[in-house]
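These notes concern the structure reproduced below.
The values are calculated or read from the model by the stated rules, or taken from the named source; none is laboratory data. Small disclaimer: the values here were computed from a predicted structure and weren't measured. Here the Cβ positions follow ideal geometry from the backbone for every residue, glycine too, while neighbour counts run over all protein chains shown. Surface accessibility is based on the protein's heavy atoms, side chains included, excluding ligands, DNA and RNA. Shrake-Rupley method; radii C 1.70, N 1.55, O 1.52, S 1.80 Å.
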Amino acid sequence: MRRRIGDRDVGFEITGEGPPLLLLHAFPFDRRLWRAATERLAASFRVVAIDARGFGESTPPAPFSIADLADEAVALLDALGIPMAVVAGVSMGGYAALALADRHPARLAALALIDTRSVADSPEGRRARDQGIALLHSGGAAGYVASIPDKLLPPHAPPEVRSSALALAAAQPPEAIAYALAAMRDRPDRTAELRAIACPTLVMVGSDDTVTPPAESRALAAAIPDARLIEVPGFGHLLPIEAPAEVAAALTQFLDENL
């Protein structure tokens, strides 16, 4: 469904009943990345899955910052009358979740950071983002999208997971993908802010994640007071689509113990 907020349409869906749980998706996908996990989470939570700007049903594509994603998620919570929520973000969604924790800490009942990091892009990472943007602008969207499964999934990911990831990425406007690359390239380092996170926090990572390796998640969890770290063996960078049952079970247990 969509809701008009400000000058744009925000795509989202709500399922289940219980404590509110806001889900923020990875790049370059939309809220459907969470769908298999949502089917399980909805047994215990009121799940709100939102599309990032320009992705899914959120239109139109337009330049944005990672902080904009956080502010727009809070604007949707306002529109839905939700004063506080658990916020779970994967990869780019994790960047937005960290921005939300800094900009709107009173809105967080708990936080889950999945396959993500707090540090800014390295110079090499920034160059890779720029190369992706140039390829998208030159009309190479199909080639860029086709490379996504190899970039984000481990070699042993099942064919159905790879095809699902490719189909979700291919459904997104190339302009939105380019704007997201720029937003991730320009995001600030939030490591110094981690010690201020006061809500219950879960950090999850796939043991075979090569994009944000487990060592980075260990450092992330160590920097957040009383955070819990879970490494999921045998999976890569997109846990909600690779291991939805494991993600849902870990989130449910953590939140049952901490809310």
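With 0.36 nm allotted per residue and the present C-alpha distance subtracted, the A171-V119 stretch has 15.8 nm of extension available. For the range 123-259, the gyration tensor built on C-alpha atoms gives an oblate shape. Its axis ratio a/c (a ≥ b ≥ c) is at least 1.5, and a/b is not larger than b/c.
Sorted into 10 angstrom bins from 0, the C-alpha pair distances of the range 1-62 split as 25, 49, 23, 2 percent. Placing +1 on the Cβ of every Lys and Arg and -1 on the Cβ of every Asp and Glu, with no other charges, gives the chain a dipole of roughly 280 debye about its Cα centre. Considering Cα pairs under 8 angstrom that are at least six residues apart, work out the relative contact order of the chain and quote it in whole percent. So the answer I get is 22 percent. Within the listed set F55, F29, F235, the Gaussian network model of the chain (springs between alpha-carbon atoms below 10 Å) gives the highest mean-square fluctuation for F235. Candidates V119, V10, A223 compared by Cα position along the dipole of the chain: farthest toward the positive end lies V10, with charges placed on Cβ. Would you give the gap between the C-alpha center of the range 62-89 and the C-alpha center of the range 137-176, rounded to a whole Å? A separation of 26 Å, based on Cα centres.
These residues, E175, E57, go from largest to smallest accessible area, 1.4 Å probe, as E175, E57.
Over the chain, the pair-distance histogram of Cα-Cα distances with 10 Å bins from zero comes to 7, 34, 40, 17, 1 percent, rounded to whole numbers. The overall shape of the range 177-256, judged from the alpha-carbon gyration tensor, is oblate: a/c is not under 1.5, and a/b is no greater than b/c. Excluding ligands, DNA and RNA, the accessible surface per residue across the chain is 40 Å² with a 1.4 Å probe. Restricting attention to the chain, close to 25% of DSSP beta bridges with both partner residues there are antiparallel. For the chain, with all protein chains in place and a probe radius of 1.4 Å, 55% of the accessible heavy-atom surface sits on carbon or sulfur.
With a ≥ b ≥ c the root eigenvalues of the C-alpha gyration tensor of the range 132-191, is it rounded (a/c under 1.5), prolate (a/b larger than b/c) or oblate? Verdict is oblate for the range 132-191.
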